[in-house]
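Notes for the one structure printed next.
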Amino acid sequence: MDVEMPAVGPEDVLIKVKATAICGSDIHILHSSPGEMSIINPPVIVGHETCGEVVEIGEQVTKIKKGDLISVEPHIPCGRCYYCETGAPHNCQNLVLFGIQVDGAFAEYARVPEICCWKLPKGYSYDLGAILEPIGAAVHGAMVEDINGKSVAVFGCGPIGQFVIGAAVAFGAAKVFALEIIPGRLAMAHQLAHKAILVNPKEQDSVKTIIEATDGLGVDVAIECSGDSEAVNQAFKVLKHEGRVSFIGIPTGLVELDLQMDIIRKEARVYGIYGRLIWQTWWQVRNLLDTGNFDPLSVITHRFPLADYEKAFELAERGEAGKVLLYP
Ligand code: ZN
């Protein structure tokens, strides 16, 4: 639909959107899932994984300039609450979500607060700029503790799982298991990280496979990216004592756990991962890309003009695609 040009406040910039990726949460919004509907502020323009060129800046903007290419950190912190003041703005008490609670980037132009702009280094493509945000979520989940030299099991090979696998290998994980029931996604994981050990839980006993391949010990790190309750439980079953689990995938309801056997007696460490550390994770992503050992662009499988959004969402939802990008 036609809407007014976004109004740019003194601390905002206006971007001309170049590319925006479809996130799982956008699909949840399309279907009015209860979780998303409890936080969304309709009517609102959705789309938050984006890259754009700055075409206008507010009068108090100092760091970002016209012509800069930026990526958006969609968690807008207030800067004044307990978490913001103690170095954890990603957990801000007054967090506002770009593209969910205020207008986002499935549009030609978008307003972005300067504090949420990540200036792209020279040589970054629009496509890469559009997927830095989900790469960041994956990197935060992988790197919340050191991963080099560790054995790692990644549950779910959707785009976030793909990024976790690529990042884990590039950051020096010793052994990476990729678990996924859709064969096409396992093939994608193989393309991104040849040394990943592919496991299809539909065709093999994944817990047994991983335990056997780790001298009966299990893995040091499990990273759950599927949100599936069975996978959540398997993440603990394949975990070594004193191992750690990162949860990134969002389950649709309550999940039952064997707290005694899987966490207490194992002395497991459990991390919930929501978003990225601002801006530590973004720097980690930049360093990761600088290594040249990780090419996330292979995770982008489809590109559509924004007008074909229905086709694009349908495809993203089917679970065979990687990242799907829309261009205004
Ligand atoms: Zn805050």
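Residues in the stretch 304-328 that are of a type in the set (F, W, Y) and touching a helix residue (DSSP H, G or I) at 6+ places or on another chain (Cβ under 8 Å) were compared, and the one that is surrounded by the fewest Cβ atoms within 10 Å (Cβ to Cβ) is Y327.
Counting only residues that are surrounded by fewer than 16 Cβ atoms within 10 Å (Cβ to Cβ) and not acidic (D, E), the stretch 67-106 holds 10 of them. When residues in the stretch 100-129 are screened for being closer than 14 Å to L289 by Cα and not charged (D, E, K, R), 7 of them pass. Just one residue in the set T252, T214, T301 is among the hydroxyl-bearing types (S, T, Y) and either exposed (fewer than 14 other Cβ atoms within 10 Å of the Cβ) or in contact with a helix residue (DSSP H, G or I) (Cβ under 7 Å, 6 or more places away or on another chain) (or both); that residue is T252. Looking across the stretch 86-125, the residues that are among the hydrophobic types (A, V, I, L, M, F, W, C), more than 16 Å from the ligand (Cβ to nearest atom) and in a loop (DSSP other than H, G, I, E, B) come down to I100, A105, F106, A107, L120.
So, E49, is that one buried (at least 22 other Cβ atoms within 10 Å of the Cβ) and in contact with a Leu (Cβ under 9 Å, 6 or more places away or on another chain) or not? Yes, satisfied. Given the condition assigned to a loop (DSSP other than H, G, I, E, B), away from the ligand (no atom under 16 Å from the Cβ) and in contact (Cβ under 8 Å) with a residue 24 or more places away in the chain, answer yes or no: does some residue in the stretch 11-20 qualify? No, every residue in the stretch 11-20 fails to be assigned to a loop (DSSP other than H, G, I, E, B), away from the ligand (no atom under 16 Å from the Cβ) and in contact (Cβ under 8 Å) with a residue 24 or more places away in the chain.
Anything in the stretch 41-56 that is touching a residue at least 24 places away in the same chain (Cβ under 8 Å) and either touching a Ser or Thr at 6+ places or on another chain (Cβ under 8 Å) or part of a loop (DSSP other than H, G, I, E, B) (or both)? List them, or say none.
N41, V44, I45, V46, G47, H48, E49, T50, C51
Look at D258 and say whether it is at pLDDT 95 or above, out of contact with any helix residue (DSSP H, G or I) (no Cβ under 8 Å at 6 or more places or on another chain) and of a type in the set (D, E). Taking the combined requirement at face value, the residue does not satisfy it.
Whenever a residue of the stretch 60-86 is more than 24 Å from A137 (Cβ to Cβ) and touching a residue at least 60 places away in the same chain (Cβ under 8 Å), it has no partner that is near the ligand (Cβ under 10 Å from one of its atoms) and not in a loop (DSSP other than H, G, I, E, B) lying with C-beta atoms less than 9 angstrom away and at least six residues away or across chains. Residues in the stretch 276-328 that are touching a Gly at 6+ places or on another chain (Cβ under 7 Å) and assigned to a helix (DSSP H, G or I): 5 in all. Select from the stretch 194-211 the residues that are of a type in the set (A, V, I, L, M) and surrounded by fewer than 21 Cβ atoms within 10 Å (Cβ to Cβ) and write down the one among them that is farthest from S229 (Cα to Cα). Applying the filter and picking the extreme gives I197.
The values are calculated or read from the model by the stated rules, or taken from the named source; none is laboratory data. Treat the numbers as computed from the prediction; the structure is a model and nothing was measured. Counting neighbours? That spans all protein chains shown, and the Cβs are built from the backbone with ideal geometry, glycine included.
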